[in-house]
Amino acid sequence: MPTRRFYVDQNLCMGCKTCELHCAVKRGSVSKTLPGAAREKPRARARIYVEGNGWTARVVHCRQCEDFPCVSACATGALRVDRESGCSYIDADKCLCCWMCVAACPYGVIAPAAEKHAAEKCDRCFRMQEPYCMSACPTKAISLLTPAEIEEKNRARRRAVILCNN
């Protein structure tokens, strides 16, 4: 199980998609620059997504499930779990593009990237000091917290909602 997980403060997220853009450029492109990524074929793709309607926004990312159904579904061993970080990741060289991981993901965050001959998913940039999406967020809505810290934040959010409704 990952020692730290993504936590997105919905009160801070503006839906600007800066996290999505940085993910696509820094993780999905060869050039690692925005102008270069815009010209690349295949086009760079983000591994984190922002959904919203202008009033609310929600960051959609890999939840790094405790039981890793995507890893269990992978017949070739292309989907693995890094022992140190506890994050699942894809070894593109072993991926056969069967998309069983895509079907097994309960959150729908694994994308088939046939043009790259592998599936793609958020691996929380586990090999980096800090995830690109997190460092790019202008409001610092994205953070890495322990499960206990996340539970405490969720409790505080629920208390605030109860107090506002009374």
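The values are calculated or read from the model by the stated rules, or taken from the named source; none is laboratory data. None of these values were measured; they are calculated from a predicted model. Positions of Cβ are generated from backbone atoms using ideal geometry, with glycine treated the same way; all protein chains shown enter the neighbour counts.
One line per residue, one yes/no per condition, for (1) touching a residue at least 60 places away in the same chain (Cβ under 8 Å); (2) hydrophobic (A, V, I, L, M, F, W, C); (3) in contact with a Lys or Arg (Cβ under 7 Å, 6 or more places away or on another chain):
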residue	(1), (2), (3)
Ala113	yes, yes, yes
Ala118	no, yes, no
Asp123	yes, no, no
Met128	no, yes, no
Met134	yes, yes, no
Pro138	yes, no, no
Ile142	yes, yes, no
Lys153	yes, no, no
*Given the residues Glu130, Glu84, which is the only one that is of a type outside the set (Lys, Arg), closer than 30 Å to Thr56 by Cα and modelled with pLDDT under 95?*
Glu130
*asked:* For Ile150, only one of the following conditions fails: (1) at pLDDT below 95; (2) loosely packed, with under 15 Cβ neighbours inside 10 Å. What is its number?
replied: (2)
*Check whether at least one residue in segment 107-116 is more than 24 Å from Thr146 (Cβ to Cβ) and touching a Gly at 6+ places or on another chain (Cβ under 7 Å), and report yes or no.*
no
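Name the residue, out of Val60, Val50, Val102, that is touching a Phe, Trp or Tyr at 6+ places or on another chain (Cβ under 8 Å) and not basic (Lys, Arg).
Only one candidate passes the filter, namely Val60.
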_Ile110 - would you say it is farther than 25 Å from Asp9 by Cα, at pLDDT 95 or above and surrounded by 13 or more Cβ atoms within 10 Å (Cβ to Cβ)?_
no
